Amino acid sequence: MCFDIDDTLIDFTSASRDALAIMIGRDDMWPLWECVTEAHVAMVVAGKLDYPTMHRKRTKAFLAELGMHVSDHDAARFERNRAAEMHSGFRLFDDVLPCLEWLRASGLSIAAVTNASGSHQRAKLDALGLGRFIDHVAIAGEVGAAKPDPMIFHSACAALDCEPSEALHIGDRLHTDAIGAQSAGMCGVWLNRDGQQDTEGVAEESGVVRLASLSDVPELVVCEFAQLGAPPPR
């Protein structure tokens, strides 16, 4: 079993959005923050920036869009304060622990697969008590490939000592997680808690599984084992 981390196991967006609103005194700039962040994370994945530099440059670029041109020092201070607010707001979704406890009791190995900073993600997993469930964390910057590249999914499968066809990957992003995993030969699962519309029919066309909650994972896992002709989890 493989899982994305942010907005799959941990409610990252709520914590990050609330922290940003506190820092700038308004709550309508989240779409801009996401856009600027995505562009800067792409540079990290491409090997052009490290994460600390990306955070500072991302913050400077975002504040510049708001008409605030700040120094590197002030951008770094803003980022430290924003990160502190965000970290204090991290929470697990209610369906996470029951799901992971069932998987662990069933004897299944579990990996986390993420495009975010390794040190931050491992610390986050440990702080929220998830480290004890995770056998391996596949980090894009360490693997040298980011989701949806098949390489990062294959690296997680190798660490769990299984073939891609024997593994499921669950994530909240249709293309990055579900379709990426499906293209890597895994069972790709789109965790769609908010009922987002797949207006182009991409999920159906690619054959990914859609779930509204991680509480549906046990039934899905048993069905997948049956299709593989393997004994169900104990």
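Every read-out reported here was derived from the displayed coordinates using simple, explicitly stated rules and does not represent laboratory data. Only a predicted model underlies this, so the values are computations on that prediction, with no experimental measurement involved. Methodologically, a virtual Cβ is constructed for each residue, glycine included, from the backbone with ideal geometry; neighbour enumeration extends over all protein chains shown.
What distance in nm lies between label points placed 7 Å from Cα along the C-beta direction at ALA39 and TRP102?
So the two model labels end up 4.3 nm from each other.
Once you place label points 7 Å from the Cα toward the Cβ at ARG210 and ALA158, how far apart are they in nm?
Using points 7 Å along Cα→Cβ, the separation is 3.5 nm.
Below 22 Å, Cα to Cα, which lysines can LYS48 reach? Residues fewer than 8 away in the same chain don't count.
Partners within reach: LYS57, LYS60, LYS147.
Between Rg and the Kirkwood Rh of the chain, both from Cα atoms, what is the Rg to Rh ratio?
On the way: Rg = 18.4 Å, Rh = 18.6 Å.
With Rh from the inverse mean 1/r over Cα pairs, Rg/Rh is 0.99.
Would you kindly state how much longer the chain becomes between LEU66 and VAL202 on full extension, computed as 0.36 nm times their sequence separation minus their alpha carbon distance, in nm to one decimal? List each step's numbers first, then the result.
Details: separation 136, 0.36 × 136 = 48.96 nm, distance 3.53 nm.
Going from the current span to full extension adds 45.4 nm.
Filter the chain for me: DSSP H helices, axial length by Cα at least 15 angstrom, mean Kyte-Doolittle hydropathy not below 0.5. List them by residue number.
Going by DSSP H runs, the hits are 12-24, 30-45, 217-228.
When only Cα pairs under 8 Å and 6 or more residues apart are kept, what is the percent relative contact order across the stretch 12-88? Intermediate values should be presented prior to the final figure.
Working: 57 pairs, mean separation 27.1, N = 77.
Reported as a whole number, the value is 35 percent.
Need the full-extension length gain, ASP27 to ASP94, defined as separation in residues times 0.36 nm minus the C-alpha distance. One decimal, nm. Display every interim value, and only then the final one.
On the way: separation 67, 0.36 × 67 = 24.12 nm, distance 2.50 nm.
Net length gain for the segment: 21.6 nm.
Using θ = phi - 60° and the Karplus form 6.51 cos²θ - 1.76 cosθ + 1.60, what ³J(HN,Hα) does each residue of the stretch 174-186 get, whole Hz, x for Gly and Pro?
Running phi through 6.51 cos²θ - 1.76 cosθ + 1.60 with θ = phi - 60° gives 4, 6, 5, 9, 5, 6, x, 5, 4, 5, 8, x, 9 Hz.
Would you compute, for the Cα atoms of the stretch 1-136, the largest minus smallest coordinate along each principal axis and list the three values in descending order, in whole Å?
Principal-axis extents of the stretch 1-136 (Cα, largest first): 54, 32, 22 Å.
First measure r as the distance between the Cβ atoms of ALA46 and THR176, then evaluate 1/(1 + (r/R0)^6) with R0 = 22 Å and state the FRET efficiency to the nearest 0.05.
Values: r = 16 Å, r/R0 = 0.71.
According to the calculation, E is roughly 0.90.
Can you check how the C-alpha radius of gyration of the stretch 12-88 compares to 2.2 N^0.38 Å, as a plain ratio?
1.02
Please say if the stretch 43-91 is rounded, prolate or oblate, where rounded means a/c under 1.5 for a ≥ b ≥ c the square roots of the C-alpha gyration tensor eigenvalues, and otherwise the choice is prolate for a/b larger than b/c and oblate otherwise?
Details: a/c = 1.93, a/b = 1.08, b/c = 1.78.
Oblate shape, in that a/c is at least 1.5 and b/c is the bigger or equal ratio.
Quote the FRET efficiency, to the nearest 0.05, computed for GLU166 versus ASP18 with a Förster distance R0 of 45 Å and r equal to the Cβ-Cβ distance.
Working: r = 39 Å, r/R0 = 0.87.
The value I calculate is 0.70.
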